[in-house]
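Peer 1: Before we start, here is the structure in question, set down as structure tokens.
The values are calculated or read from the model by the stated rules, or taken from the named source; none is laboratory data. Note that this is a predicted model, so its numbers are computed, not measured. Cβ: placed from backbone, ideal geometry, glycine included. Neighbour counts: every protein chain shown. Please note that ligands, DNA and RNA were not included when accessible areas were found on the heavy atoms of the full protein model with its side chains. Shrake-Rupley method; radii C 1.70, N 1.55, O 1.52, S 1.80 Å.
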Amino acid sequence: MASVTYEHVTKRFGDVIAVNDLNIEIPDKEFLVFVGPSGCGKSTSLRMLAGLEEVTEGNIYIGDRLVNDVPPKDRDIAMVFQSYALYPHMSVYDNMAFGLKLRKVPKAEIDRRVHEAARELGIEELLDRKPKALSGGQRQRVAVGRAIVREPAVFLMDEPLSNLDAKLRVEARALIQRLHHRLETTFIYVTHDQVEAMTMGSRIAVLRDGILQQVDTPQALYDYPDNIFVAGFIGSPSMNFFDATLVKEDGDLYVDTGVFRVKVPESKKEAWSKAVGKRVVLGIRPEDIHDPDYAPPGINAAQVEAVVDVIELLGSEVFLYLKSGNLEYIARVDPRTQARVGNTIYPVMDTERMHLFDAETERAIR
């Protein structure tokens, strides 16, 4: 078992900086998820740790050991790729055992590890099959099993679920979480899917253009995003944003979008007062905008006027695409809503759940 440390790590491909001064400590047994859009540097960060890419600047440690110049085979890591990378001419058993055979592990030990991993993954009956006879979900389990039998200090997973359909992705997420709890090993996982990140990671590192934006627990990222990018990336549907100005009148603060004004609650007045007169960005999540007939009791509510543009029915909830003047936004409301396309309604915003960002720096004001 081992911790992982990135210490001022930079990776350049010619003039392109793929990873820029990455600093992060990943404790032993943690499940850390690198998340971000395509091209943000998350896979490159993982590949440098695996030894598949050279570090341009900085140091990477596994435990107390500097691994910059250590060959991949000697880093005590196992990696699961997006493509699964199974040998088509080998059986499932041989695919899982191959790495152990190369390391001259005794045959009896190989047999024990392979059967134990196959039993854990529910693929014991597939050990004699070739990869071409397996479904996508079964191939994914074989790829994970091949990593498990290595019993490495660190598991690396590079978008291993992206080739699966929606139902299999949910099952595979639960499988990988169970494995992490059972194996008590460090897992580092790369995905562009924020739902995967939120449901799987004990901490999430959000990357953008090679720069680490914020690293924290899923709930902390959701509740206290450091900037507009993190606020918009974490959460589905994405947070609503409104260009606004913060104004003070008769001792009260208001966020003025030019279309509607929202009174700032007492709990936020002190922190936000430093932005009076400045251009700001108001953020509020769709789930914090409610149908007035089904708003939670006791919330600090600000009511606005809106026209319903589109309705998405999802069974347990409804997404209302709303227009207020030239502003467009989404509300995630109770399925009992009576709102219909073209209706004028008066949704209520939970002002305690509002976020405010500096329009120039895009940093959170709090």
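Peer 1: Within region 340-364, work out how many residues are open to solvent by 20 Å² or more (accessible area, probe 1.4 Å) and not in a strand (DSSP E or B).
Peer 2: Residues in region 340-364 being open to solvent by 20 Å² or more (accessible area, probe 1.4 Å) and not in a strand (DSSP E or B): 11 in total.
Peer 1: Then there's this: Is it fair to say Thr337 is over 19 Å from Pro225 (Cα atoms) and either touching a His at 6+ places or on another chain (Cβ under 9 Å) or not in a strand (DSSP E or B) (or both)?
Peer 2: Yes: the conditions hold for Thr337.
Peer 1: Suppose we filter region 211-237 for residues that are open to solvent by 50 Å² or more (accessible area, probe 1.4 Å) and either in contact with a Pro (Cβ under 9 Å, 6 or more places away or on another chain) or not in a helix (DSSP H, G or I) (or both); how many remain?
Peer 2: Result for region 211-237: 5.
Peer 1: Still on this structure: I'm trying to understand the selection: among the residues of region 50-75, which are farther than 23 Å from Glu30 by Cα and open to solvent by 70 Å² or more (accessible area, probe 1.4 Å)?
Peer 2: Within region 50-75, Glu54, Glu57, Asp69 meet the criteria.
Peer 1: Whether any residue in region 337-360 is over 20 Å from Gly235 (Cβ atoms), touching a strand residue (DSSP E or B) at 6+ places or on another chain (Cβ under 8 Å) and basic (Lys, Arg) is what I want to check.
Peer 2: yes
Peer 1: Quick check, is Phe81 open to solvent by 10 Å² or more (accessible area, probe 1.4 Å) and closer than 30 Å to Lys130 by Cβ?
Peer 2: Spelling it out, Phe81 is indeed open to solvent by 10 Å² or more (accessible area, probe 1.4 Å) and closer than 30 Å to Lys130 by Cβ.
Peer 1: Can you tell me which residue in region 273-306 is most open to solvent (accessible area, probe 1.4 Å), limited to those that are assigned to a loop (DSSP other than H, G, I, E, B) and within 26 Å of Val341 (Cβ to Cβ)?
Peer 2: Here the residue is Glu305.
Peer 1: Condition first: closer than 18 Å to Ile299 by Cα and part of a loop (DSSP other than H, G, I, E, B). Now tell me which residues in region 251-269 satisfy that.
Peer 2: Within region 251-269, Val264, Pro265 qualify.
Peer 1: Okay, next question. Of the residues that make up region 309-321, is at least one in contact (Cβ under 8 Å) with a residue 12 or more places away in the chain, open to solvent by less than 40 Å² (accessible area, probe 1.4 Å) and of a type in the set (Ser, Thr, Tyr)?
Peer 2: No, because not a single residue in region 309-321 is in contact (Cβ under 8 Å) with a residue 12 or more places away in the chain, open to solvent by less than 40 Å² (accessible area, probe 1.4 Å) and of a type in the set (Ser, Thr, Tyr).
Peer 1: May I pose another question? Quick one: Asp128 ticks every box in (1) under 21 Å from Glu159 (Cα atoms); (2) in contact (Cβ under 8 Å) with a residue 12 or more places away in the chain except a single one, so which number is it?
Peer 2: Tallying (1) under 21 Å from Glu159 (Cα atoms); (2) in contact (Cβ under 8 Å) with a residue 12 or more places away in the chain, Asp128 fails exactly one: (1).
Peer 1: Is it the case that Phe357 is among the aromatic types (Phe, Trp, Tyr) and touching a Gly at 6+ places or on another chain (Cβ under 7 Å)?
Peer 2: Against the criterion (among the aromatic types (Phe, Trp, Tyr) and touching a Gly at 6+ places or on another chain (Cβ under 7 Å)), Phe357 qualifies.
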